[in-house]
Amino acid sequence: MRKYMILSGNASDEFLRAADGLQETTQIEEAEIIVGEPTHEELAQAKKLKWLQMTWAGADRYIDCFPENVILTTASGAFGETIAEHALAMLFSLCRRLPAYTRRNDWEDLGCEKQVSGATALIYGAGDIGTVIAKRLKLLGVRTIGVCRDLRSKREGFDGRTNLENAAAFLPEADFVLCALPHNEQTKGYFNEERLRLMKDDAILVNVGRGSLIDTDALELLLSEGKFFGVGLDVVTPEPLPREHKLWTMDNVIITPHVAGVSMGHLQDTEDRIWKICTENLKKYLEEKPLRNVVKQ
């Protein structure tokens, strides 16, 4: 009998119904199917594993080491709404200097703010997350430019699109730069000092993708020089950011502990979308049909 194992979250009733006829196991070495994010040590014990279904959107923890002949799928597509809301919350807060005001104990006016309407946003990543961000900003009168790999496919919410190789040409005109890119060799260290300096001095930078995208030392240097109106980081390198790091104390910086896409036990709507993807993939797997969000096969 096929055996499956769940490592994270409580499976939805729909998923459990789809798994009817399978046997749930607590022994990872017996599992043919695993739902969750096992460690590399746990994966080494899973000798019978044929398919790993993640409840996360990003699979970078398995990029360098993953068992041969095992299918890897993600829950990409479940997080657009929640991560986009987090990114926009950071953006709006920075535009109105809310982080600086909340750190003060006086009645001093901090001066100029930034207006969202009429601004230009360069959005790195035009997938699920980036598309939701673009749609929301379009409703507020923002011009949106998306950075994506495939320029042939139509993407809703974007006034224009470019690829990663040519995106830097748009940095000098962007009021807002929002990042929702995965970690890979092309994105790692993309925002070095040179590219960061291409941005407007009063630009706002928000990253809800992966911390490896931005050179943290270069970012700290430019912030200390007075560049950027504000910076919002849900992801950093290193992660977690050391307590003594200067970024924690800067009035125009928001840092959150990689929680933009946290779902299990946080947002029921996102959790439901995750289990919907897991359920659909389980049905496809049992029917030997192509799976959704395949990273490795």
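Do any residues in region 91-104 that are among the small types (Gly, Ala, Ser) have Cβ atoms under 9 Å from those of residues that are open to solvent by less than 80 Å² (accessible area, probe 1.4 Å), where the two are at least six apart or on different chains, and which pairs are they?
If the second residue must be open to solvent by less than 80 Å² (accessible area, probe 1.4 Å), the pairs left are Ser93/Pro99; Ser93/Gly230; Ser93/Gly232; Ser93/Ile254; Ala100/Leu110; Ala100/Gly230; Ala100/Asp251; Ala100/Asn252.
Among the residues of region 244-279, which ones are of a type outside the set (A, V, I, L, M) and over 21 Å from Ile129 (Cα atoms)?
The first filter runs over region 244-279 and keeps only residues of a type outside the set (A, V, I, L, M), leaving 244-246, 248-249, 251-252, 256-258, 261, 263, 265-266, 268-273, 275-276, 278-279.
Across region 244-279, the qualifying residues are Glu244, His245, Lys246, Trp248, Thr249, Asp251, Asn252, Thr279.
Hey, among Thr270, Thr279, Thr256, Thr216, which residue is open to solvent by less than 60 Å² (accessible area, probe 1.4 Å), more than 19 Å from the chain's Cα centre (by Cα) and of a type in the set (Val, Ile, Thr)?
Just a single option satisfies the conditions, and that option is Thr279.
Answer yes or no: is there a residue in region 78-89 that is in contact with a strand residue (DSSP E or B) (Cβ under 8 Å, 6 or more places away or on another chain) and polar (S, T, N, Q). Can you show your working first?
If we filter region 78-89 for residues that are in contact with a strand residue (DSSP E or B) (Cβ under 8 Å, 6 or more places away or on another chain), which is where we start, we get 87.
Among the residues that remain, those that are also polar (S, T, N, Q) are: none.
No, every residue in region 78-89 fails to be in contact with a strand residue (DSSP E or B) (Cβ under 8 Å, 6 or more places away or on another chain) and polar (S, T, N, Q).
Among the listed residues Gly261, Gly265, which satisfies the condition of being in contact with a His (Cβ under 9 Å, 6 or more places away or on another chain), at pLDDT below 95 and of a type outside the set (A, V, I, L, M)?
Gly261
Restricting attention to strands (runs of 3 or more DSSP E) lying wholly within region 2-114, give those where 2 or more residues are open to solvent by 70 Å² or more (accessible area, probe 1.4 Å), modelled with pLDDT of 95 or more and of a type in the set (Val, Ile, Thr).
none
Suppose the filter is of a type in the set (D, E, K, R), touching a Phe, Trp or Tyr at 6+ places or on another chain (Cβ under 7 Å) and either at pLDDT 95 or above or more than 15 Å from Ala203 (Cβ to Cβ) (or both); does Lys154 pass it?
No, not satisfied.
Within the group Gly130, Gly141, Gly146, which residue is surrounded by fewer than 21 Cβ atoms within 10 Å (Cβ to Cβ), over 19 Å from Gly230 (Cα atoms) and in contact (Cβ under 8 Å) with a residue 12 or more places away in the chain?
Residue meeting the stated conditions: Gly141.
Can you tell me which residues in region 149-160 are surrounded by 15 or more Cβ atoms within 10 Å (Cβ to Cβ) and either polar (S, T, N, Q) or closer than 16 Å to Ala119 by Cα (or both)?
Step one: of region 149-160, the residues surrounded by 15 or more Cβ atoms within 10 Å (Cβ to Cβ) are 155, 157-158.
Those that are surrounded by 15 or more Cβ atoms within 10 Å (Cβ to Cβ) and either polar (S, T, N, Q) or closer than 16 Å to Ala119 by Cα (or both): Gly157, Phe158.
Conditions first: (1) closer than 13 Å to Lys227 by Cβ; (2) open to solvent by less than 70 Å² (accessible area, probe 1.4 Å). Asp201 passes all but one, so which condition is the exception?
Exception for Asp201: condition (2).
Within region 164-191, can you find the residues that are farther than 25 Å from Tyr62 by Cα and either surrounded by 13 or more Cβ atoms within 10 Å (Cβ to Cβ) or touching a Ser or Thr at 6+ places or on another chain (Cβ under 8 Å) (or both)?
Ala167, Ala168, Ala169, Phe170, Leu171, Glu173, Ala174, Asp175, Phe176, Val177, Leu178, listed by residue number.
Considering only residues that are closer than 17 Å to Leu49 by Cβ and either of a type in the set (A, V, I, L, M) or open to solvent by less than 60 Å² (accessible area, probe 1.4 Å) (or both), which ones fall in region 282-297?
Leu282, Tyr285, Leu286, Leu291, Val294, Val295, Lys296
The values are calculated or read from the model by the stated rules, or taken from the named source; none is laboratory data. Bear in mind that the values here come from a model prediction, so they are computed numbers and not experimental data. Backbone-built Cβ (ideal geometry, glycine too); neighbour counts: all protein chains shown. Note: areas computed on protein heavy atoms with side chains; ligands, DNA, RNA excluded. Shrake-Rupley method; radii C 1.70, N 1.55, O 1.52, S 1.80 Å.
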